[in-house]
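All remarks here apply to the structure that follows.
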């Protein structure tokens, strides 16, 4: 399932530029399939997104082709994401000797009985992993965790997530670092958390030329995790915190991020430069804080910019 780069794009967009609604909490069934060795969680309030033109512009720009195929397959099976989906969450996690895997979790009032009836009528035979029945769906596999939660992904990712659910591996609740990061952002329409290794990689990439400075190699091991939230109620608000081990590290990272702003302004277009002017970077205690705010029209233009396209590749 080739969505491994896309969940980082919302963070990368604003960080590279610098280098409404409410959200449902993750339900019990959704949390149960998140392995302990989670790298990133990104969650989208589908209702809030559909009511926001800039959020839809972002979604349409970033949605990978295989997810579009998955949506089409769901509709063919009687599940319409536009009607039935309340929340969509992507989880990337590590499996020893297999690397990073990704699953999607959808929550909403799904017509499970009608779906299963159609699968039987169409003679679609599910694959079985213990008690879970996995149906082929748009090049992926999908199963119901309960009558309001679906899990989807490729075969190895589905095994990893279901192993966590079935107690064969440890779950998210055994990872207090990531759980703590979630607690302060999961009320946003779009939110995400990244673990330590994911944050180090993300910051190296998004700082661009600024990451080549010796200071970054000194501070990167002191980056503990990151979180962000986006709101679309009045324009676009993006707030990100990078959690570090101490105030000196946070201040140094803040300086590097400000250097990233300077580097990007040198080659930015007018719309990109306007966006950069709306980015503020600061440090408070052991946290680096980045804030970005703009109006809807500017954000939609930004989504169409060459810089955004280069980040989204």
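Taken together, the values in this text are just the output of simple stated rules run on the coordinates, not laboratory data. Since this is a predicted model, take the numbers as computed values, not measurements.
For the stretch 182-208 versus the stretch 86-116, the inter-centroid distance based on Cα atoms is 19 Å.
Full extension of the segment from residue 168 to residue 82, taken as 0.36 nm per residue of separation minus the current Cα-Cα distance, would add 27.5 nm. Compared with the alpha-carbon gap, the fully stretched path from residue 285 to residue 218 is longer by 22.3 nm at 0.36 nm per residue.
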